[in-house]
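Laboratory data are not the source of any read-out in this text; all were calculated from the coordinates shown. As the structure is a computational prediction, the values presented were derived from the model and not from experiment. Using ideal geometry, Cβ is built from the backbone for each residue, glycine included, and neighbour counts are taken over all protein chains shown.
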Amino acid sequence: MNNHKSEDPWLWERLVSFENLLLAYKKAAKGRRGRPSVAGFEYNLENELPKLQAELREGRYQPGQYVSFYVHDPKKRLISAAPFSASRPGECHRANFRA
């Protein structure tokens, strides 16, 4: 059993609730729906969110690799972004923030 589950079961259940994960997905997808990875996830949303929920509850969730790139506005900065893919860390981060 993961330690975070036993520390505050109410918070953990709120974090992994379907409603929280759905709202996190919507925030993660905002402005990105035209991307193939986002469109593919949304097309299979009814299967993906329960699968993510089960991985989180069972302690099997593994975040994917971040993508790093530079932006130059207004100055050069290195950005590391969670990919929107089957590993779903973008949704998990937003779900964690919301809870």
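Quick rundown of the values:
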{"read-out": "Sequence of Ser80, Ser17 once ranked by neighbouring C-beta atoms within 10 Å, starting from the fewest", "value": "Ser80, Ser17"}
{"read-out": "Relative packing of 7-15, 67-75, 45-53, 22-30, which averages over residues the other C-beta atoms within 10 Å, highest first", "value": "22-30, 45-53, 7-15, 67-75"}
{"read-out": "FRET efficiency for Lys76 and Leu22, using Cβ-Cβ distance with R0 set to 30 Å, rounded to 0.05", "value": "0.25"}
{"read-out": "Fewest-first ranking of Phe18, Phe41, using other Cβ atoms within 10 Å as the exposure measure", "value": "Phe18, Phe41"}
{"read-out": "Whole-Hz ³J(HN,Hα) from phi, Karplus 6.51 cos²θ - 1.76 cosθ + 1.60, for the stretch 71-80, glycine and proline x", "value": "10, 10, 10, x, 9, 5, 9, 8, 10, 10"}
{"read-out": "Theoretical gain in end-to-end length, Gln65 to Arg32 [0.36 nm per residue, Cα-Cα removed]", "value": "10.0 nm"}
